[in-house]
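Just below is one structure, and these are the notes that go with it.
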Amino acid sequence: MSTVDYKICRTCIMDTSDPNISFGDDGVCEYCKNFEQNIKPNWDAGVSGEAELLKIAEKIKAEGKGRDFDCIIGLSGGLDSSYLAYIAKEKMGLRPLLFHVDAGWNTDQAVGNIEKLVDGLGLDLYTDVINWEEMKDLQTSFLRSQISDQDLPQDAAFFSGLYKFARAHGIKYVLTGANYSTECCREPEEWGGYPGIDKTLFKDIHKRFGKRKLKSFPLTDVLVYKILYQRLLGMKIVKPLNLVPYIKKDAEATLDRLFGWKKFQHKHHESRFTRFYEDYWMPRKFGYEKRRAHFSSLIMTGQMTREDALERIAKPELDEQFLKGEFEYVANKLDLSVEQLQAIFDGENKTYRSYRNKRFLIGIGSRVMSALGLERRLFR
């Protein structure tokens, strides 16, 4: 990225590290304009939101009568899913099953948070442990593919495991922690924001770089869970955090006070791999800082000043010695030498376009969702 052509939004901190970003004559980026024009007018977490939340809760309870659980929540131990569990039980009066996927990268803090919520809320937890040898082989394959989307294997495990379990056990309602408050600025696709689980892409990358068959790894294509599960089988996705006042600092304080839940330094730090990928691999190998989108979301929703965001983005989230140790940890856990992982890191960067994929079809689906108002965040 040429410094001569560099530009940054005058309202948030999104910049031309997103190669397709556009700015108005006023210097405001399209993410900010989208928030003001499409998200803010259609987002009510006040009285109307509460009324809608209670209406949804009553419907879920009515349809869940006679069942052990009336809905399911994927719980990572991070803020969004943790606060969602609290809202579902204490504010909506639901009987959710908490579903956790252990992909081998949980931090001790995440495990502790999950235990505290399960005990404090008196809810049941089901943990799906992914076969580590298969997980390791798939993650190593993705690293060798040199694409920026290195969290796709974990995402696939989380989403596929949850949807398959819900379908197998007849659980109709899936509650998700997705929200506008902390995620209204969607990470650009170039920053590893591939829009869904693309089975074609997975199979091609694993065929080229994998060494063992994926016999038990859960892999559900985005078109399957968007069309088959949701449209044909009637599975419903509910986003309660968009219907309640959800302020990051207040939510962290509430969970700490009620359950002893401990906050993370930054978003996604509940996974040791994601923390390494977003804080080391992505910015140093590709030049992309996902924190820009995270902080920009908080700026747009009035939870962070632009000045504070600029000050924080100017330096790494974690210190150099810690990151060096994490590089060694990730290499060892994946059965790579530090030299082998470094060689991958130094390799030529690629994109998903170097592999078979159905990005075009997924893009059509995303545009349809945007047109129907089902997705209001900016999507190209």
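Computed quantities for the displayed model
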read-out	value
Linear extension gain, Trp132 paired with Asp5, 0.36 nm per residue minus alpha-carbon span	41.3 nm
Value at 222 nm in deg cm²/dmol, rounded to 500, when DSSP H runs of n ≥ 4 in the chain each add -39,500 (n - 2.57)	-12500 deg cm²/dmol
Whole-Å semi-axes of the ellipsoid equivalent to region 42-371 (Cα gyration tensor, √5λ, descending)	31, 24, 20
Ranked packing of 49-56, 132-139, most packed first, by mean Cβ within 10 Å	132-139, 49-56
Burial ordering of Met235, Met300, fewest other beta-carbon atoms within 10 Å first	Met235, Met300
Extension gain, Asp68 back to Asp119 (0.36 nm per residue minus Cα-Cα distance, nm)	16.6 nm
Estimated vicinal HN-Hα couplings, Hz - region 51-66 in sequence order (Karplus 6.51, -1.76, 1.60; Gly, Pro = x)	4, 5, 4, 5, 5, 5, 4, 5, 5, 5, 5, 5, 6, x, 4, x
Footprinting exposure proxy for Arg167, Arg212 (fewest neighbouring C-beta atoms within 10 Å first)	Arg212, Arg167
Signed unit charges on C-beta, dipole axis of region 42-371, positive-most listed residue Ala57, Ala314, Ala253	Ala57
Theoretical FRET efficiency, 1/(1+(r/R0)^6), r = Cβ-Cβ of Asp44 and Lys249, R0 25 Å, to 0.05	0.75
Length-normalised contact order of region 72-164 in % [C-alpha pairs under 8 Å, at least 6 apart]	29
Reachable lysines from Lys324, criterion Cα separation under 27 angstrom, eight or more residues apart if same chain	Lys136, Lys262, Lys263, Lys267, Lys285, Lys290, Lys315, Lys333, Lys350
Where GluC sites (Glu not before Pro) fall in DSSP loop in region 266-349, at most 10 other Cβ within 10 Å	Glu348
Ascending count of other beta-carbon atoms within 10 Å, so fewest first, for Ser354, Ser22, Ser271, Ser82	Ser22, Ser354, Ser271, Ser82
Separation of the Glu52 and Lys350 label points, Cα + 7 Å toward Cβ, nm	4.3
For Leu219, distant residues with modelled amide H under 5 Å away	none
Alpha-carbon centroid distance for the pair region 1-47 / region 193-261, whole angstrom	26
Antiparallel DSSP beta bridges within the chain, percent to nearest 5	20
The chain: relative contact order in percent, alpha carbon pairs under 8 Å with at least 6 residues between	23
Sequence-distant lysines (8 or more away, or on other chains) whose Cα lies within less than 22 Å of Lys172	Lys55, Lys59, Lys61, Lys65, Lys89, Lys91, Lys164, Lys226, Lys236, Lys239
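FYI, it's all coordinate maths here, none of it is from the lab. On a predicted model such as this, the values are computed, not experimentally measured, just so you know. Note: ideal-geometry Cβ built from the backbone for every residue, glycine included; neighbour counts use all protein chains shown.
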